[in-house]
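Here the structure comes first, spelled out in structure tokens, and everything after it is commentary.
The values are calculated or read from the model by the stated rules, or taken from the named source; none is laboratory data. The structure presented is a predicted model; accordingly, all values stated were derived computationally and were not measured. Areas reflect the complete protein model, heavy atoms only, side chains present, ligands, DNA and RNA absent. Shrake-Rupley method; radii C 1.70, N 1.55, O 1.52, S 1.80 Å.
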Amino acid sequence: MTPITPNDDLDASDTLLVKADALIHRHRSSTLPRADDLPVLTDVLGEDLPVLEDIADEIALDDEVAEAAAAVATEPVTEPPADSAPVVVEPDPAIIAAAAEAAAKAAREEASVQAQAAQMRIAEQLIEFDAHIAQTLESWISNELPQIVAAEVDGMVERLRIKTLAHMRATLVPDLSHKLSELLDATLNTPKQD
């Protein structure tokens, strides 16, 4: 038993691909007309079309490749032994680095989009919060401030009354008492005239 090398495995893969291509081409060519059956457009339109001649040459080459593939397709395919170790293909570090860079770039773009969306949501919430603050302040001032002002005015009136009474007792009452005392003295001290 000879060990299978990676080259043998690649050769088997190539052979299988050629056979598959030949099978597809065989089914396709059975429904399509062959290159010999196609009318030549240069006869109809003149000699100005060199591109059509190139296309006809390519179709002829495709037929030759199909015949070669059909010849290869008739060869038997040998399967690798079941007890052979699988071939481990090392990934290309450049491909891995490129894929990682592409993934990182996509992640950065997605993060940027999400950050912008979050900023928009925060801005909208701040606008709503600002409106809520304004409404709450206005409502509180209209409900609470009159009560606070009324209580302060009532307190001020009471303090003003108390101070006024105290000041009146200190200044006006003695003055009035003194005047009353003078009147009483004058009334009591005057001789009676009969």
For this session: Kindly report, to the nearest 10 Å², the accessible surface of Glu128 as traced by a 1.4 Å probe over protein heavy atoms only.
Result: 130 Å²
Problem set entry | Accessible surface of Thr187 - all protein chains present, 1.4 Å probe, nearest 10 Å² | 90 Å²
For this session: Might you work out the accessible area of Glu182 for me, using a 1.4 Å probe with all protein chains in place, and round it to the nearest 10 Å²?
Result: 90 Å²
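Over the range 99-194, what percent of the accessible surface lies on carbon and sulfur atoms, probe 1.4 Å?
64 percent
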Seminar exercise, completed: the range 89-194 accessible area per residue, 1.4 Å probe, protein heavy atoms, integer Å², reads 91 Å²
Problem set entry | Most to least accessible of Met120, Met168 (protein chains only, probe 1.4 Å) | Met120, Met168
